[in-house]
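The values are calculated or read from the model by the stated rules, or taken from the named source; none is laboratory data. From a predicted model like this one, the values you see are computed outputs, not experimental measurements. Ideal geometry is used to build each Cβ from the backbone, glycine not excepted, and the neighbour counts take in all protein chains shown.
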């Protein structure tokens, strides 16, 4: 009986796997980390072989946890961070490390693309904003700076597409990844001949686009030996990480919103049609007929990680030595500060920012530090700064006239009860927290069930989605404090934008003279 479903998510810091029973029970989970390389300023790369080795290791671990026959595993689905560009040769061999969505080397190419086609036209075709975080500028950069590599490229794959290739031997891309390339016409469902022609990018370099639930092939014998997955197991085209996390959180209906924390933060909305707005990322949901609108903060959990790792290293080491989560003490320390952190504000722009300001030169800032500012106030200010950013991004949807009736959250920061309450107080809405820390691989596994007929429709899938663990309701008094501070927070970027850009020129100049 086909009653097991296997999901993988290729994240920014590591790969996660989940093996589910058709009842929705999580039978086994595993994770494997891998490094990110920064060979030059503004570059961010990962080795596709690291993803493959991580998948093999995680897969063997979860498959060993249950007696699995060749007939009991219904299928495999892989989601991934996006976009991550992997040029591969005709034999499937990667020609370079994958360029992550964090990679900003192609910022200069954005300017040239604006001259030849314009931001508005790209938005009209792709439903997405021109940005160095997305695909087209990186492809132009590769063509200009690595012409030999570009000429040898058979196809440009995404991270999950590369792993699907290793499993099945097929070159593919799922439909949720395609709009993020800024080369895909979301209305016609084809690669845009207009954009490709203007940018002189050959269409044959880009793979066939498949629906997220489409079965693209089966696990080959050689891949089965390395992964422990039975040969012949169906493999789905997959999806990007955020739609997978949405499914894991049960966000599968029009008007449901989500907050998905990791290094960055996706604040999104499930809708029935695309929205062509320069403020958002717009891609098809993994569920056919639905769309995902998403705003992206680049450093939510990453801001807290930076502070703890670099400014609280002793406490972190002591916690690890004691076998404790190094972030457990953060809540207690932050609770020593009052709401509003005594007028201390934090901008969480440590690696630039996407939504809603779309400025790769923006940087983090504490504003309001005084001689008696405490560490607890700085920790709480980080939590509040991320919450203000979430509110600012939710406001994008409300200003656009969209209905938002159900907000669900997942990811590392949701382990903090204080942080959850701060977010609820700042946004002024009840927020439900998923019982899962990592919803994406669970969502991937559930998609296998929908694709293979284990679940006949979305209603059946919803019944087995993991339960929500808790709800946070806004405190009226605290909300009034945050309403006042939020208006100040919103004005800070405008005050500092020129300084951010001037500092970026200084940074770039100093790096060139080293």
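State all residues of the stretch 228-256 that are under 23 Å from residue 398 (Cα atoms) and touching a helix residue (DSSP H, G or I) at 6+ places or on another chain (Cβ under 7 Å); if no residue qualifies, say none. Please lay out each step first, then the result.
Taking the stretch 228-256 first, the residues under 23 Å from residue 398 (Cα atoms) are 242-243, 245-247, 249-256.
Matches in the stretch 228-256: 245, 246, 247, 249, 250, 252.
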Residues in the stretch 94-109 that are at pLDDT 95 or above and outside any loop (DSSP other than H, G, I, E, B): how many? 4
Which of the residues belonging to the stretch 265-307 are free of Cβ contacts under 8 Å to residues at least 60 places away in the same chain and farther than 13 Å from residue 394 by Cα? 272, 273, 289, 290, 291, 302, 305, 306
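Among the candidates 224, 237, which residue alone is surrounded by 17 or more Cβ atoms within 10 Å (Cβ to Cβ) and free of Cβ contacts under 8 Å to residues at least 24 places away in the same chain? Steps first, please.
Working: 237 fails: free of Cβ contacts under 8 Å to residues at least 24 places away in the same chain.
From the options 224, 237, the qualifying one is 224.
Return the only residue of 346, 366 being closer than 30 Å to residue 106 by Cβ and not in a loop (DSSP other than H, G, I, E, B). Walk me through it before giving the result.
Working: 366 fails: closer than 30 Å to residue 106 by Cβ.
Of 346, 366, the one residue that is closer than 30 Å to residue 106 by Cβ and not in a loop (DSSP other than H, G, I, E, B) is 346.
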Out of (1) surrounded by fewer than 23 Cβ atoms within 10 Å (Cβ to Cβ); (2) within 22 Å of the chain's Cα centre (by Cα); (3) not assigned by TED's automatic domain parsing to the domain that holds residue 400, the odd one out for residue 242 is which? (1)
Since residue 293 meets every condition but one in (1) within 15 Å of the chain's Cα centre (by Cα); (2) at positive phi, which condition does it not meet? (2)
If a residue must be buried (at least 24 other Cβ atoms within 10 Å of the Cβ), under 27 Å from residue 254 (Cβ atoms) and under 21 Å from the mean Cα position of the chain (by Cα), how many such residues does the stretch 415-430 contain? 1
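Can residue 176 be described as surrounded by 19 or more Cβ atoms within 10 Å (Cβ to Cβ), assigned to a loop (DSSP other than H, G, I, E, B), modelled with pLDDT of 95 or more and within 17 Å of the chain's Cα centre (by Cα)?
Numbers: surrounded by 19 or more Cβ atoms within 10 Å (Cβ to Cβ): yes; assigned to a loop (DSSP other than H, G, I, E, B): yes; modelled with pLDDT of 95 or more: yes; within 17 Å of the chain's Cα centre (by Cα): yes.
When the stated conditions are applied, residue 176 passes them.
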Taking the stretch 389-414 and the residues there that are outside any loop (DSSP other than H, G, I, E, B) and within 24 Å of residue 326 (Cβ to Cβ), the one that is modelled with the lowest pLDDT would be 412
Select, from 142, 134, 102, the only residue that is assigned by TED's automatic domain parsing to the domain that holds residue 180, surrounded by 22 or more Cβ atoms within 10 Å (Cβ to Cβ) and out of contact with any helix residue (DSSP H, G or I) (no Cβ under 6 Å at 6 or more places or on another chain). 102
Please go through the stretch 377-414 and pick out each residue that is without any contact (Cβ under 8 Å) to a residue 24 or more places away in the chain and either surrounded by 20 or more Cβ atoms within 10 Å (Cβ to Cβ) or closer than 21 Å to residue 253 by Cβ (or both). 398, 401
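Restricting to strands (runs of 3 or more DSSP E) lying wholly in the stretch 216-333: which have 1 or more residues that are more than 30 Å from residue 184 (Cβ to Cβ) and modelled with pLDDT under 95?
Of the strands (runs of 3 or more DSSP E) lying wholly inside the stretch 216-333, none has at least 1 residues that are more than 30 Å from residue 184 (Cβ to Cβ) and modelled with pLDDT under 95.
Based on what the data block shows, is residue 486 buried (at least 20 other Cβ atoms within 10 Å of the Cβ), more than 23 Å from the chain's Cα centre (by Cα) and in the same structural domain as residue 362 (by TED's automatic domain parsing)? Steps first, please.
Details: buried (at least 20 other Cβ atoms within 10 Å of the Cβ): yes; more than 23 Å from the chain's Cα centre (by Cα): yes; in the same structural domain as residue 362 (by TED's automatic domain parsing): yes.
For residue 486, the condition - buried (at least 20 other Cβ atoms within 10 Å of the Cβ), more than 23 Å from the chain's Cα centre (by Cα) and in the same structural domain as residue 362 (by TED's automatic domain parsing) - is met.
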For residue 31, indicate whether it is outside the structural domain of residue 509 (by TED's automatic domain parsing), farther than 28 Å from residue 206 by Cα and crowded, with 21+ Cβ neighbours inside 10 Å. no
Got at least one residue in the stretch 59-68 being within 30 Å of residue 149 (Cβ to Cβ), modelled with pLDDT of 95 or more, buried (at least 16 other Cβ atoms within 10 Å of the Cβ) and in the same structural domain as residue 164 (by TED's automatic domain parsing)? no
Quick check: anything in the stretch 496-504 surrounded by fewer than 12 Cβ atoms within 10 Å (Cβ to Cβ), farther than 29 Å from residue 174 by Cα and in the same structural domain as residue 410 (by TED's automatic domain parsing)? yes
May I ask you to say which residue of 332, 319 is free of Cβ contacts under 8 Å to residues at least 60 places away in the same chain, surrounded by 18 or more Cβ atoms within 10 Å (Cβ to Cβ) and touching a helix residue (DSSP H, G or I) at 6+ places or on another chain (Cβ under 9 Å)? 319
